[in-house]
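I have a structure I would like to understand better, so I am pasting it below and will then ask my questions one at a time.
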Amino acid sequence: MIKRLMAKYTGRYKDLIPAGYTFHKLYANNYRTYQFSANINDSLWIFQKGNDIELLDFYAKSGFIVNCFVKNRDRLPEMYEDGHFSIRMNNHTGKIRHFNMGERRFVWATERRMHDRLEKTGNRAAFDLYWKKWKTAHIPKKMVEEVLRLHDAGLIELVEKEFPEK
């Protein structure tokens, strides 16, 4: 079993619309959701069913990101680049690394070596495993501030949940 931190909303849903959220009814399973949009493609979703909070498209791994924001609250202002907080997450462990220029150079060198190895051997297995393991995101400052506002108001709870291994 894999343990993950799940971000849960603990407040009243009526308070979300005056705070800038929009209500949506997703028709697949008739989900009632509230969306906070930071940019065109960057949004924070709060699902009424299960009180789940989803950042960008991290789904069940959103709790790790919320935890990262809360723990690094004091360092966040110096970690923004162009109004975004850039991260690189290990999808298996949930460990998050700040995706600054030093980390980018390391990633570029690693990916260059992997491309060279792919061209020489033609073996895509290691290449595909690498891309499944890591995920990068550039989270807008507006979204980070909204998550911290919800956390400070006591509206976000981090719950540890077990998931079956795939």
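Under the condition of being over 18 Å from Asp152 (Cβ atoms), at pLDDT 90 or above and among the aromatic types (Phe, Trp, Tyr), which residue from the range 1-42 is surrounded by the fewest Cβ atoms within 10 Å (Cβ to Cβ)?
Only one residue fits best here, namely Phe23.
So for the range 73-94 (the condition being of a type in the set (A, V, I, L, M) and under 19 Å from Glu157 (Cα atoms)), does at least one residue qualify? Steps first, please.
The initial filter retains those residues of the range 73-94 that are of a type in the set (A, V, I, L, M), namely 76, 79, 87, 89.
From the residues that got through so far, the ones that are under 19 Å from Glu157 (Cα atoms) too are none.
So far as the range 73-94 goes, no, none of its residues is of a type in the set (A, V, I, L, M) and under 19 Å from Glu157 (Cα atoms).
When you scan the range 105-127, do you find a residue that is touching a residue at least 60 places away in the same chain (Cβ under 8 Å) and either closer than 23 Å to Gly63 by Cα or basic (Lys, Arg) (or both), even just one?
The answer is no, given that none of the residues of the range 105-127 is touching a residue at least 60 places away in the same chain (Cβ under 8 Å) and either closer than 23 Å to Gly63 by Cα or basic (Lys, Arg) (or both).
Give the range 1-57 a look and list any residue that's part of a loop (DSSP other than H, G, I, E, B) and out of contact with any strand residue (DSSP E or B) (no Cβ under 9 Å at 6 or more places or on another chain), or say none.
Filtering the range 1-57 for residues part of a loop (DSSP other than H, G, I, E, B) gives 1, 10-12, 16-21, 27-30, 38-42, 48, 56-57.
Within the range 1-57, Arg12, Pro18, Tyr27, Ala28, Asn29, Asn30, Ile40, Asn41 qualify.
Residues checked against (1) modelled with pLDDT of 90 or more; (2) within 23 Å of Ile53 (Cα to Cα); (3) surrounded by 13 or more Cβ atoms within 10 Å (Cβ to Cβ); (4) among the acidic types (Asp, Glu):
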residue	(1), (2), (3), (4)
Ile87	yes, yes, yes, no
Gly94	no, yes, yes, no
Arg112	yes, no, no, no
Asp116	yes, no, no, yes
Met143	yes, yes, yes, no
Val147	yes, yes, yes, no
Glu160	no, yes, no, yes
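Report yes if Tyr80 is closer than 30 Å to Pro18 by Cβ, among the hydroxyl-bearing types (Ser, Thr, Tyr) and surrounded by fewer than 15 Cβ atoms within 10 Å (Cβ to Cβ), otherwise no.
Yes, satisfied.
The values are calculated or read from the model by the stated rules, or taken from the named source; none is laboratory data. These numbers were taken from a predicted model, which means no experiment stands behind them. Glycine also receives a Cβ, built like all others from the backbone with ideal geometry; neighbour counts cover every protein chain displayed.
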